[in-house]
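A short worksheet on the structure shown next.
The values are calculated or read from the model by the stated rules, or taken from the named source; none is laboratory data. The structure displayed is predicted, hence computed values, not measured ones. When we count neighbours, we look across all protein chains shown, and the Cβ atoms used for this are built from the backbone with ideal geometry, even at glycine.
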Amino acid sequence: MGDKIVNILLVEDDEVDVMNVKRAFKKNNVTNPLFVCNNGLEALEFLRGQHPDSPSEIPKIILLDLNMPKMGGIEFLREVRKNDELKNISVFVMTTSNEDRDKVDAYNLNVAGYILKPLSMERFIEAVSTLNNYWKLCEFPE
């Protein structure tokens, strides 16, 4: 990724978790634009350019909760992976679900990582720092 800024989409229905992600980004000086959708249906509209806040450039990274109303994370992931324009987006699951079935389903849908919440704020800031370093190392196709 180098110095190139890429859009990041957070798909999360819990406002406290959204605030924690924003706080961790700020603490780690993550300057990537962060967009937030509250469920999988809204996120699909966003990614397909059908949402009023959709950017011109599709996010290259998604931070995804699994347990959400309307459309959960696994169902959302299945839809993303079926779409030729979206299937290569790097997805990191951030969830309270420690169920093996969810982990297996997520990894079978090619997630880049599975992070278990809740972490203490200090550990969460460290996790975001690690993710930020990872994103900076990655090269994404144009």
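Structure data summary
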item	result
Scan of segment 97-126 for residues that are part of a helix (DSSP H, G or I), farther than 21 Å from Lys22 by Cα and among the hydrophobic types (A, V, I, L, M, F, W, C), ordered by number	Val104, Ala106
Scope segment 66-91; condition closer than 19 Å to Glu139 by Cα and among the hydrophobic types (A, V, I, L, M, F, W, C); matching residues	Leu86, Ile89, Val91
Every residue from segment 99-118 that is out of contact with any helix residue (DSSP H, G or I) (no Cβ under 6 Å at 6 or more places or on another chain) and under 17 Å from Asn88 (Cα atoms)	Ala106, Tyr107, Asn108, Asn110, Val111, Ala112, Gly113
Hits in segment 87-96 - residues which are closer than 18 Å to Asp65 by Cα and not in a strand (DSSP E or B)	Lys87, Ile89, Thr96
Filter result for the condition that a residue is closer than 26 Å to Val16 by Cβ and surrounded by 12 or more Cβ atoms within 10 Å (Cβ to Cβ), over Pro69, Pro55	Pro55
Given (1) over 22 Å from Phe140 (Cα atoms); (2) surrounded by fewer than 17 Cβ atoms within 10 Å (Cβ to Cβ), number of the condition Pro33 does not satisfy	(1)
Test: residue in segment 105-126 that is in contact (Cβ under 8 Å) with a residue 40 or more places away in the chain and surrounded by fewer than 16 Cβ atoms within 10 Å (Cβ to Cβ)	yes
Enumeration of residues in segment 92-104 that are farther than 23 Å from Phe140 by Cβ and touching a residue at least 24 places away in the same chain (Cβ under 8 Å)	Thr95, Thr96, Ser97, Asp102
Top-ranked residue of segment 88-142 - restricted to ones that are among the acidic types (Asp, Glu) and either touching a strand residue (DSSP E or B) at 6+ places or on another chain (Cβ under 7 Å) or modelled with pLDDT of 85 or more (or both), ranked as nearest to Thr31 (Cα to Cα)	Glu126
